[in-house]
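The values are calculated or read from the model by the stated rules, or taken from the named source; none is laboratory data. Given the structure is predicted, the values throughout are model-derived calculations rather than measurements. For neighbour counting, all protein chains shown are included, and Cβ atoms are generated from backbone atoms with ideal geometry for every residue, glycine included.
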Amino acid sequence: MRQVNNFINGEFQPADSAQRFEKRSPVNNQVIASIAEASKADVNRAVQAAQQALKGPWGQFTTEQRVAMLYEVAEEITRRFDDFVAAEMADTGQPSHVMKQVFIPRGAANFKIFADVIKNVASESFQMATPDGRGALNYALRVPKGVIGVISPWNAPFMLMTWKVGPALACGNTVVVKPSEETPLTATLLGEVMNKVGVPQGVYNVVNGFGPDSAGAFVTEHPGVDAITFTGETKTGTAIMKAAAEGARDVSFEMGGKNAGIIFADCDFDAAVDGIFRSAFLNTGQVCLGTERLYVERPIFDKFVQALKTKAEAVNYGAPTEHGSNFGPLISKEHQQKVLSYYKLAVEEGATVVTGGGVPDMQGELAEGNWVQPTIWTGLNDNARVVQEEIFGPCCHISPFDREDEVIALANDTEYGLSTTIWTTNLSRAHRMAEAVDVGITWINSWFLRDLRTPFGGSKQSGIGREGGVHSLEFYTEMRNVCIKL
Ligand SMILES: NC(=O)c1ccc[n+]([C@@H]2O[C@H](COP(=O)([O-])OP(=O)(O)OC[C@H]3O[C@@H](n4cnc5c(N)ncnc54)[C@H](O)[C@@H]3O)[C@@H](O)[C@H]2O)c1
Ligand SMILES: O=C/C=C/C=C(\O)C(=O)O
C-alpha cells in the first residue's frame, strides 16, 4: 500500500509520533494509502523550515529567478501529467476527462499565470508638491508577507491548492500546506516536483492531518505563520479566523455557496440545458461554484425541467478507470450520508422529486462506494432548508419565476454570495442582472469559464478577499511606501 509522508524542508518524513491514518477510495472504500499524521512538533519543524528558507537562497532570488523556477514547476507538472491525473483520480474517484481537461492542467497554469503577473506588474508612484517647491516622490515596494499557511479542501484538491501556492511563491513567500485529509496525494507529488526542479528546501512544505486539534489547527494557530489562505466550508473559515485573530494575522478565504442559476425564456435553450447540467452535476456536484438553486422563467419551465431530467438520467456511473464512465462517487461515506440526509429532508419538506433522490444500483465492489443519484426537485418554498443550505452534492431545486425583480430577490435571498450563472440573449438584461445579483462571480451564458487574471472570490459568507491576477498580490505581498524628499 502507498505510504504517504509529510514533506518538510525538502524531505519526505514520517510523523514524529509515527501516527498514521488511512485514505480510502471513494469508489469502493478500500484503503489505498497510509498517511503520516503530522504532530505539533512536525508542524513546528515545517514552519521553522519555511522561516529559514525565507532567509536562505529563496529570499535572495531575483524576481526573474523565481519566475523561471515557477515555469519549471509548471513544466515538470506537465511532464508528470499522467502521475498527477492518476493520483487525483485515486483520491477523488472522479472521471479521467475531468482531471485531464480541467483540474490537472489548472495546476500547471496556476504557476505560470502568477509568474507572468509578478514579472509584469508595475510599481505605484506619486509625485507630490512640498512647501519648499522641490517636491517629493513616493513609490511602493512589494515584499513577501513571509510564511503562508495554505489550508485546502478535497473537491478539486490540486487546482485549489496550487491556486494559492502559485501566487504565494511568485511573490517570494514560503508555504506550509495542509491538504484535506481526504485528498493528500497530489500535494505530496508536488513535493517531488519541487525537489526535481531545484526549488530550495523549506520553500514548499506539506503537513498531513485533520482540522481541529490536528495539523490544520496547528498550522493556523502557529505564531510563525504570517498569513492564512483557506478554501473550504464557511464554518471552518470562522474557526480559522478566530485562530488568525491571535497575532492579528491576515486571511484570504474562499468558502461555501448556494449559487443560483437563472434562465430566461429568451435563452439559447440547448446551450442553457448543457451549461446547467455541468454546473449542477460536474464533479458529482462537489464544486463550490455549482448551481443548487435554479430559477427558470415560467414559459419554458416544464420544458427545461424535462430536458435536465433526461440528461441527469443518462449519466454513466463508474470508477474513473472504467471505459465510458462519466459520473463518479462522492468523496466519503460521511459526505454521502450528509447528501442523502438532504435527499430525505427534501421529501419531508414537500418537494416533488423529478429524478434521483437515492443511491444507484452498483455491482460488485463498487456497491461499497459513495454513490448517489443526480437529483432534481421542484415545488419547495424559498425558505426550505434544501433551498437555503449548501448541500455540496449533485442536486438542484428548480422554481419558476415571472419577473426580473422577483428573480433578483430570490437569487439574493441567501447568506452566501459566491457565483451565479445567467442565461439570456438580451444583453441589456444581462448587464442589469450582473449588477443586481450580489455575488463575486457572474457568468452570463457560461459557467466556470475562467480567465485567471480576473478577481475570484465571494461576497457575504462566501469569502474574504479576492485572488487571481494582480488581486492575489494584495494578499501575498506587503506593500511599503517609500517617500523621497527631492
Ligand atoms: N469558494 C471557493 O472557491 C471554494 C472552492 C472549493 C470548495 N469550497 C467549499 O469547500 C467546502 C468543501 O470542502 P471541505 O469539506 O474540504 O471543507 P472543510 O472546511 O471541511 O475543510 C477544508 C480544509 O480545512 C481543514 N480544517 C477543518 N477544520 C479546521 C480547523 N478548525 N482549523 C484548521 N483547518 C481546518 C480541513 O482539514 C481541510 O484541509 C464546501 O463548503 C465548498 O463550498 C469553496
Ligand atoms: O470548487 C470550487 C472551484 C473553485 C475554483 C477556483 O478556485 C478557480 O477556478 O480558481
For residues that are outside any loop (DSSP other than H, G, I, E, B), within 16 Å of ligand 2 (Cβ to nearest atom), surrounded by 21 or more Cβ atoms within 10 Å (Cβ to Cβ) and modelled with pLDDT of 95 or more, tally how many sit in the stretch 85-108.
8
Would you mind stating whether Gly275 is in contact (Cβ under 8 Å) with a residue 12 or more places away in the chain, assigned by TED's automatic domain parsing to the domain that holds Val43 and under 21 Å from the mean Cα position of the chain (by Cα)?
no
Could you name every one of the strands (runs of 3 or more DSSP E) located completely within the stretch 1-78 that has at least 3 residues being crowded, with 20+ Cβ neighbours inside 10 Å and not β-branched (Val, Ile, Thr)?
none
Taking the stretch 116-127 as the region of interest, how many residues are away from ligand 2 (no atom under 16 Å from the Cβ) and in contact (Cβ under 8 Å) with a residue 12 or more places away in the chain?
7
Return only the number of the condition from (1) without any contact (Cβ under 8 Å) to a residue 40 or more places away in the chain; (2) within 16 Å of ligand 1 (Cβ to nearest atom); (3) of a type in the set (Lys, Arg) that Lys460 does not satisfy.
(1)
Heads up, the strands (runs of 3 or more DSSP E) in the stretch 121-193 (entirely inside) with at least 2 residues that are farther than 23 Å from Gly457 by Cβ and at pLDDT 95 or above are 125-128, 136-144
Is it the case that some residue within the stretch 200-213 is in contact (Cβ under 8 Å) with a residue 40 or more places away in the chain and under 19 Å from Val439 (Cα atoms)?
no
Working only within the stretch 157-179, note down all residues that are under 14 Å from the mean Cα position of the chain (by Cα) and surrounded by fewer than 24 Cβ atoms within 10 Å (Cβ to Cβ).
Met159
Would you mind stating whether Arg480 is within 16 Å of ligand 1 (Cβ to nearest atom) and over 18 Å from Ala260 (Cβ atoms)?
no
If only one of Asp213, Asp270 is of a type outside the set (Gly, Ala, Ser), away from ligand 2 (no atom under 16 Å from the Cβ) and outside the structural domain of Pro167 (by TED's automatic domain parsing), which one is it?
Asp270
In this structure, is Ala265 in a helix (DSSP H, G or I) and touching a residue at least 12 places away in the same chain (Cβ under 8 Å)?
no
Give Leu308, Leu294 a once-over and let me know the one that is under 29 Å from Trp163 (Cβ atoms) and either of a type in the set (Phe, Trp, Tyr) or assigned by TED's automatic domain parsing to the domain that holds His431 (or both).
Leu294
Scan the stretch 194-221 residue by residue and report those that are surrounded by fewer than 24 Cβ atoms within 10 Å (Cβ to Cβ) and either small (Gly, Ala, Ser) or within 11 Å of ligand 1 (Cβ to nearest atom) (or both).
Gly198, Phe210, Gly211, Pro212, Asp213, Ser214, Ala217, Glu221
Can you tell me which residues in the stretch 384-396 are surrounded by 17 or more Cβ atoms within 10 Å (Cβ to Cβ), outside any helix (DSSP H, G or I) and either in contact with a Phe, Trp or Tyr (Cβ under 9 Å, 6 or more places away or on another chain) or not aromatic (Phe, Trp, Tyr) (or both)?
Ala384, Glu390, Ile391, Gly393, Pro394, Cys395, Cys396
Just name the residue that is surrounded by the fewest Cβ atoms within 10 Å (Cβ to Cβ) out of those in the stretch 320-339 that are more than 16 Å from ligand 1 (Cβ to nearest atom) and within 15 Å of Gln373 (Cα to Cα).
Asn326
Just checking, how many residues over the stretch 228-250 are surrounded by fewer than 20 Cβ atoms within 10 Å (Cβ to Cβ) and not in a helix (DSSP H, G or I)?
6
Within the stretch 411-433, count every residue that is farther than 19 Å from Cys288 by Cα and of a type outside the set (Lys, Arg).
9
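Matching residues to (1) touching a residue at least 24 places away in the same chain (Cβ under 8 Å); (2) more than 14 Å from ligand 2 (Cβ to nearest atom); (3) among the small types (Gly, Ala, Ser):
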{"position": "Lys235", "(1), (2), (3)": "no, yes, no"}
{"position": "Asp250", "(1), (2), (3)": "yes, yes, no"}
{"position": "Phe253", "(1), (2), (3)": "yes, no, no"}
{"position": "Thr310", "(1), (2), (3)": "no, yes, no"}
